[in-house]
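A.B. asks: The structure is given below, and queries will be raised subsequently.
The values are calculated or read from the model by the stated rules, or taken from the named source; none is laboratory data. Just so we're clear, the structure is a prediction, and the values are computed from it rather than from any experiment. When we count neighbours, we look across all protein chains shown, and the Cβ atoms used for this are built from the backbone with ideal geometry, even at glycine. Remember, those area values only see protein heavy atoms, side chains included, never the ligands or the DNA or RNA. Shrake-Rupley method; radii C 1.70, N 1.55, O 1.52, S 1.80 Å.
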Amino acid sequence: SAVISQKPSRDICQRGTSLTIQCQVDSQVTMMFWYRQQPGQSLTLIATANQGSEATYESGFVIDKFPISRPNLTFSTLTVSNMSPEDSSIYLCSAADPEAGELFFGEGSRLTVL
Amino acid sequence: GEDVEQSLFLSVREGDSSVINCTYTDSSSTYLYWYKQEPGAGLQLLTYIFSNMDMKQDQRLTVLLNKKDKHLSLRIADTQTGDSAIYFCADRSGGSYIPTFGRGTSLIVHP
């Protein structure tokens with residue numbers, strides 16, 4: 001199994017600022033993803049983080065708002081830009097080796113935007 | 001699009017068995033997952049089953065898959081207060097690396 005570390009684990013941010021969340025996996029994985037979980041809701045996929053190229057965004061999410069980096073097979077960042085209170089959510093990093101079937105998650109980063 | 005449905009709440013007495021149910025619509029699902037989310041935490045992969053299996057047991061957990069009815073269940077034997085959490089069902093088709101999640105079932109265990 002893969003162990004995924006995210007930081008920060010939580011933060012309180014001011015409207016209009018940006019925050020970068022880091023995700024570190026303890027082993028090389030093929031796929032890394034970023035999800036958002038709004039209060040009381042299920043998970044919504046933001047994007048697939050591609051190593052060395054631009055992330056693949058899901059409908060409703062754009063690079064200007066959620067820029068993503070993935071410089072290598074074990075690390076990715078998600079930035080939430082120009083935050084508003086509607087961005088208050090838990091942001092979850094996940095990683096998978098699809099041939100193995102398993103999909104693992106980090107502990108999440110809980111953002112509160114005032 | 002494909003859909004995964006779960007009931008939102010389940011309340012059980014400590015020591016009883018819990019059964020959390022899930023239905024899905026994707027007939028090409030190859031992997032089906034159960035995740036546990038405790039308050040303030042991320043998702044913990046509890047177990048998963050490959051679509052060519054109909055049962056998987058791991059200690060207190062039993063997963064049953066009825067592929068014909070597209071129904072998945074998670075049974076927790078001897079439920080404890082520490083099992084109180086939200087349980088998410090998810091499925092993934094062989095053609096996609098991205099699972100579809102249900103809304104989660106909140107399991108409440110009371111004395």
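A.B. asks: Among the residues of segment B:50-68, is there at least one that is in a strand (DSSP E or B), open to solvent by 10 Å² or more (accessible area, probe 1.4 Å) and of a type in the set (D, E, K, R)?
C.D. replies: Within segment B:50-68 (the criterion being in a strand (DSSP E or B), open to solvent by 10 Å² or more (accessible area, probe 1.4 Å) and of a type in the set (D, E, K, R)), the answer is yes, since at least one residue qualifies.
Residues are listed down the side, and each one gets a yes or a no for (1) in a strand (DSSP E or B); (2) without any contact (Cβ under 8 Å) to a residue 60 or more places away in the chain:
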{"position": "A:V29", "(1), (2)": "no, no"}
{"position": "A:F33", "(1), (2)": "yes, no"}
{"position": "A:V62", "(1), (2)": "no, yes"}
{"position": "A:T77", "(1), (2)": "yes, yes"}
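A.B. asks: Would you be able to tell me the number of residues in segment A:31-62 that are of a type outside the set (S, T, Y) and open to solvent by less than 70 Å² (accessible area, probe 1.4 Å)?
C.D. replies: Result for segment A:31-62: 16.
A.B. asks: Something else about it: Filter segment A:1-21 for residues that are open to solvent by less than 70 Å² (accessible area, probe 1.4 Å) and part of a strand (DSSP E or B) and give the result.
C.D. replies: Within segment A:1-21, A:I4, A:S5, A:Q6, A:D11, A:C13, A:L19, A:T20, A:I21 meet the criteria.
A.B. asks: If you take the residues in segment B:69-111 that are assigned to a loop (DSSP other than H, G, I, E, B) and away from every other protein chain (no Cβ under 14 Å), which one is surrounded by the fewest Cβ atoms within 10 Å (Cβ to Cβ)?
C.D. replies: Ranking the candidates gives B:P111 first.
A.B. asks: In segment B:4-49, which residues are closer than 22 Å to B:K70 by Cβ, of a type in the set (G, A, S) and open to solvent by 70 Å² or more (accessible area, probe 1.4 Å)?
C.D. replies: Scanning segment B:4-49 gives a single hit, B:S27.
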